[in-house]
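See structure below.
The values are calculated or read from the model by the stated rules, or taken from the named source; none is laboratory data. Since this is a predicted model, take the numbers as computed values, not measurements. Glycine gets a Cβ as well: all are built from the backbone with ideal geometry, and neighbour counts include every protein chain shown. The accessibility values were calculated without ligands, DNA or RNA, using every heavy atom of the protein model including side chains. Shrake-Rupley method; radii C 1.70, N 1.55, O 1.52, S 1.80 Å.
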Amino acid sequence: MSSPALSGAVAHHPWWESGVIYQVYPRSFQDSDGDGIGDLAGVLARLDYIAALGVDAIWLSPVFPSPMADFGYDVADYCGIDPMFGDLAAFDSLLAAAHARGLKLILDFVPNHSSDQHPWFLASRSSRDDPKRDWYIWRDPAPGGGPPNNWISDFGGSAWEWDARTGQYYLHAFLKEQPDLNWRNPALRDAMMDVLRFWMDRGVDGFRIDVLWHIVKAEGLPDNPPNPHWTPAQTERDKLIQRYSTDQPEAHAIAADMRALADGYGERVLIGEIFLPNDRHARWYGAPDRPQVHLPFNFQLIENDWNAATLNRIIADYEASLPPFGWPNWVIGSHDAPRISARIGEAQARVAAMLLLTLRGTPTLYQGDEIGIGPVDIPPDRIRDPQHWRQPTLDIGRDRSRTPMPWDASANAGFTTGKPWLPLNADWPVRNVDAQLADPVSMLALYRALIALRRVTRALAIGGIAIAVGDSDVLAYERWHDDDRLLIALNLCAEPRQLLLPVGVRIAEVLASTLPSHPMDGTLHGDGGLVLRLERDD
Ligand code: GLC
């Protein structure tokens with residue numbers, strides 16, 4: 001393997017570069033009132049757990065008033081809190097308590113679409129002459145009848161919904177309960193910028209911006225071209241290339257405006273949810289004099305096969321694609337993706353933890369992955385994810401990643417005194433936070449050790465990276481800062497492999513290991529990962 005990925009460190013590192021982000025899915029974190037659904041008071045009650053993990057920031061999935069057609073990603077009021085989760089006072093308490101513990105709080109901003117129950121949409125659909133008509137995307141039927149173009153919803157089916165009363169279709173990139181907002185309308189734009197101001201004035205530290213690359217559509221809404229590589233194993237959405245419905249230049253300009261607004265508030269972070277190939281993805285950093293988001297979320301560890309050659313390639317290609325001022329980031333789980341332990345098995349999930357926390361760039365960790373929640377069976381009568389219902393033949397249910405946090409061995413794992421809205425992981429009596437806190441070799445102990453190591457080791461938090469030579473099935477890379485030089489060696493298979501040291505160095509110290517024991521004879525255990533400090537061999 002060659003050493004294509006070389007990057008040094010830059011001078012000032014704000015918290016979103018050196019820190020670790022922890023995603024809380026509030027419905028499933030901690031219930032405080034017995035309705036079986038997590039809430040803000042529950043997050044508050046568990047803040048010490050999050051602080052003790054050692055992370056720097058919490059990203060909270062949506063807590064705004066919502067009919068919950070897409071579990072909060074259908075917002076009916078951008079400046080409120082759904083009673084299910086609490087109220088603005090509960091939010092302010094959580095924010096103050098997070099700040100008191102040195103934790104930043106990042107909200108989820110959902111700009112592409114609102115709920116169909118948002119007063120803006122109710123006004124928009126009330127008549128063609130309503131002043132808010134143009135806040136959404138309405139079109140006449142195609143000349144021969146039917147939807148205005150061929151666009152497909154990300155959740156399957158046409159992206160257009162017929163409104164009989166006003167005789168037009170409206171666009172929805174997701175559910176029909178999630179009509180797309182029209183960011184070409186200046187009044188809508190101002191209203192959404194005011195939403196960002198509202199929360200930043202309250203003190204939030206930034207936003208994760210939902211499906212940011214979707215927010216503007218090409219003028220004239222041309223048909224999207226067919227995808228010649230589509231197979232039935234893919235979603236219906238993938239039948240078309242989303243050339244005209246996503247990633248438009250005007251969306252980049254809006255991201256730059258959002259950034260200018262955020263920068264006016266000091267150190268606030270913008271994280272964009274963006275799924276694109278590297279070259280187009282990197283454009284979301286913008287330019288040094290007109291930056292866009294700080295961190296375009298990088299999902300490549302989720303989307304690609306788990307083997308040394310693939311990981312080697314994606315790390316090198318991603319690093320090479322970044323603009324000189326662009327800070328990298330890595331994600332291995334979310335409320336949308338399969339659980340990492342379910343996808344690659346628990347032994348490799350430990351290796352994944354080491355990878356996530358030793359790569360160059362901000363790591364985002366998803367709740368429950370730190371205790372290794374694996375496959376969860378959701379009985380058919382308990383499936384809740386609307387994406388599943390719309391495409392039931394595909395194995396894409398997101399409920400399996402959204403099951404409640406198991407805290408302890410008491411009833412319902414300490415999550416709720418009621419009936420949990422989704423079932424718990426079946427092994428919760430043994431796989432829970434309390435049990436893992438008591439076990440020095442648990443997944444949780446590993447996560448805490450790696451996060452702590454990252455915090456005190458500049459080479460990991462902000463240092464450079466270069467891919468190193470590895471044995472087959474071994475992913476190896478160096479990290480360094482000033483004179484400190486580390487080697488990370490990850491065995492991606494279950495059999496032992498050779499540990500290959502760079503020429504002229506020896507191991508000074510083992511800083512972390514995915515397994516309780518690690519031989520010092522040049523072998524790497526199956527599923528073993530090591531963080532080594534190197535010193536010159538003279
Ligand atoms: C994002 C969210 C996902 C949601 C979709 C539509 O991908 O992460 O949960 O369904 O946007 O808002």
Worksheet item: Which condition number in (1) within 16 Å of the ligand (Cβ to nearest atom); (2) in a loop (DSSP other than H, G, I, E, B) is the one that F121 fails?
Response: (2)
Fill in: Criterion: modelled with pLDDT under 95 and of a type in the set (A, V, I, L, M, F, W, C) - qualifying residue of L486, L501
L501
Item to complete: Six or more apart or on different chains, Cβ under 6 Å: which pairs go from a residue in the stretch 100-115 that's away from the ligand (no atom under 11 Å from the Cβ) and modelled with pLDDT of 95 or more to one that's basic (K, R) and open to solvent by less than 10 Å² (accessible area, probe 1.4 Å)? Could you list them?
Response: I106/R208
Fill in: Close pairs (7 angstrom Cβ cut-off, 6 or more residues apart or separate chains): of a type in the set (S, T, N, Q) in the stretch 52-81, open to solvent by 10 Å² or more (accessible area, probe 1.4 Å) and away from the ligand (no atom under 13 Å from the Cβ) anywhere
S66/A76; S66/D82
Discussion item. I want to confirm something. Restricting to the stretch 384-419 and keeping residues that are among the aliphatic types (A, V, I, L, M) and buried (at least 20 other Cβ atoms within 10 Å of the Cβ), which single residue is farthest from the chain's Cα centre (by Cα)?
Written reply: A413
Discussion item. Restricting to the stretch 324-365, name every residue that is assigned to a loop (DSSP other than H, G, I, E, B), surrounded by 24 or more Cβ atoms within 10 Å (Cβ to Cβ) and away from the ligand (no atom under 16 Å from the Cβ).
Written reply: R360
Worksheet item: Checking E478 against (1) open to solvent by 70 Å² or more (accessible area, probe 1.4 Å); (2) part of a strand (DSSP E or B), which single condition isn't satisfied?
Response: (1)
Item to complete: Restricting attention to the stretch 53-79, report how many residues are small (G, A, S), open to solvent by 10 Å² or more (accessible area, probe 1.4 Å) and more than 16 Å from the ligand (Cβ to nearest atom).
Response: 1
Worksheet, complete the sentence: Reported set for the stretch 172-204 where residues are basic (K, R) and away from the ligand (no atom under 16 Å from the Cβ) is R184, R189, R197, R202
Worksheet item: Any idea how many residues of the stretch 124-163 are open to solvent by 40 Å² or more (accessible area, probe 1.4 Å), in contact (Cβ under 8 Å) with a residue 40 or more places away in the chain and assigned to a strand (DSSP E or B)?
Response: 1
